[in-house]
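First comes the structure, then the notes that go with it.
The values are calculated or read from the model by the stated rules, or taken from the named source; none is laboratory data. These numbers were taken from a predicted model, which means no experiment stands behind them. For accessibility, only protein heavy atoms count, side chains too; no ligands or nucleic acids. Shrake-Rupley method; radii C 1.70, N 1.55, O 1.52, S 1.80 Å.
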Amino acid sequence: MLTKRIRTSHELADTLEELAKALRMLPEFEMHPENLTQPSRQPSAPDSGHKVPSRMAELADTLHSLQRDDAEGELNALTLPALRQLSKLLQIRIPSRATKAETVRMLLEQVFDLPSGQELIRTFHTRNSGGARPARRLQPKLPVR
């Protein structure tokens, strides 16, 4: 109703009449100054319409102890906003344009695949050589003068 472009004074009068009719359909209230002040707007988080499960913190704590297949089932049962909330709790960066399947895959990689791969790299030398890995020098050798 008020989105149309008003070009003449007659169009303005017609719009004001429509507005008056709409106001008359609303319940009547007293016009005190406290009723006319606008409430201060509190900044609120954007509501995407999806409810994030309240058990998100619990899932973030127990995700590491689950088997990978069980964790994948739990993650697939969540909505995309819930998965993004979980990734924030786990401090895992997920691109904002990632789909649900990509988000689940990235979470599984970060929680299950990368730590096991790092452990494999860490223990590779000791498994294959049979002995302990020689300690490396932390300080570079300085030339003797």
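Leaving ligands, DNA and RNA out of it, rank D113, D70, D61 by accessible area with a 1.4 Å probe, largest first.
Greatest to least solvent exposure: D61, D70, D113.
Which ³J(HN,Hα) values, rounded to whole Hz and listed in residue order, are derived for segment 17-24 from phi using the Karplus coefficients 6.51, -1.76 and 1.60 in 6.51 cos²θ - 1.76 cosθ + 1.60 with θ = phi - 60°, glycine and proline given as x?
Each residue of segment 17-24 in turn: 5, 5, 5, 4, 5, 5, 5, 5 Hz.
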